[in-house]
């Protein structure tokens, strides 16, 4: 079914080789470099664009803004094993902004949880990739999400469960929240509980892209200084550029070593990577038209080619 879906959309084509150039050195697996992570983020953006053009529905701009965060998590920060998804000591990832499921699906496919071909079945009847993450159908999905405001509460609950199981010192929980999550009262109840119960193995990452269905965050429901709010609730809180891969990695890795819950407020751009969508209102929940998808893929593939050549040159040099 998935190959037939792709065949009908003649302007789309798969990435010929998503893997970065191999390094010359052999031996133990090395952590991906910042440049390699940036390239992986581009690969994930390409797959999100392709799968939603095929599905003709879904949230593309919300997925694109989180691509750098998700790439950093799945390729460097998270302790996880696609061959053993139920490994007790694994880190847990919760996509609180469940409408951005395509970016998680792309990362899961590329890291080996299921075949990449499955991505072309997203939002199709009978497929295991639903419009929002489904823990009962999709390998690698920890929690079914989508109702904004509930995600951080789930993260706190998972942390407390890990404590009961004696795994709090080894398994960390990372949750990615949206502007809409931050507008919900339940999120701040969870923030209170996280600090009260001292869940130091929790990191909340806010994909703060400032755009929603009906306008800017400031127009719909101004959330003010989100970093200061988390700090006032007793969390360690930092604010970074969510598209600066080095800053994202540093903040995520630092958060593992703290003695209290951590919040990373990532200033991001909705639609990042696709110039025609970046920071523009009106794309939320709308799939790309065939024309926009073709334009977006051309731009992303050009960036991927440049990133690949740069990596190759650094290896050859």
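The values are calculated or read from the model by the stated rules, or taken from the named source; none is laboratory data. Model, not experiment: these values are computed from the prediction. Because the Cβ atoms are built from the backbone with ideal geometry, glycine has one as well, and the counts that use them run over all protein chains shown.
A compact table of results
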read-out	value
Residue identified as touching a residue at least 60 places away in the same chain (Cβ under 8 Å), surrounded by fewer than 19 Cβ atoms within 10 Å (Cβ to Cβ), in contact with a helix residue (DSSP H, G or I) (Cβ under 9 Å, 6 or more places away or on another chain) and at negative phi among 203, 213	213
The listed residue being crowded, with 16+ Cβ neighbours inside 10 Å, within 19 Å of the chain's Cα centre (by Cα) and part of a loop (DSSP other than H, G, I, E, B), out of 285, 273	273
Candidate set: segment 119-141, residues that are over 17 Å from the mean Cα position of the chain (by Cα) and over 18 Å from residue 287 (Cα atoms); chosen: the one surrounded by the most Cβ atoms within 10 Å (Cβ to Cβ)	127
Selection count where residues are closer than 15 Å to residue 123 by Cα, at pLDDT 65 or above and part of a helix (DSSP H, G or I), scope segment 1-59	9
Tally, over segment 72-100, of residues that are under 13 Å from the mean Cα position of the chain (by Cα), free of Cβ contacts under 8 Å to residues at least 40 places away in the same chain and farther than 18 Å from residue 173 by Cβ	0
Among (1) in contact with a strand residue (DSSP E or B) (Cβ under 8 Å, 6 or more places away or on another chain); (2) touching a residue at least 60 places away in the same chain (Cβ under 8 Å); (3) within 27 Å of residue 89 (Cβ to Cβ); (4) surrounded by 20 or more Cβ atoms within 10 Å (Cβ to Cβ), the one test that residue 208 misses	(3)
Residue, surrounded by the fewest Cβ atoms within 10 Å (Cβ to Cβ), within segment 148-168, restricted to residues that are in a loop (DSSP other than H, G, I, E, B) and touching a helix residue (DSSP H, G or I) at 6+ places or on another chain (Cβ under 9 Å)	167
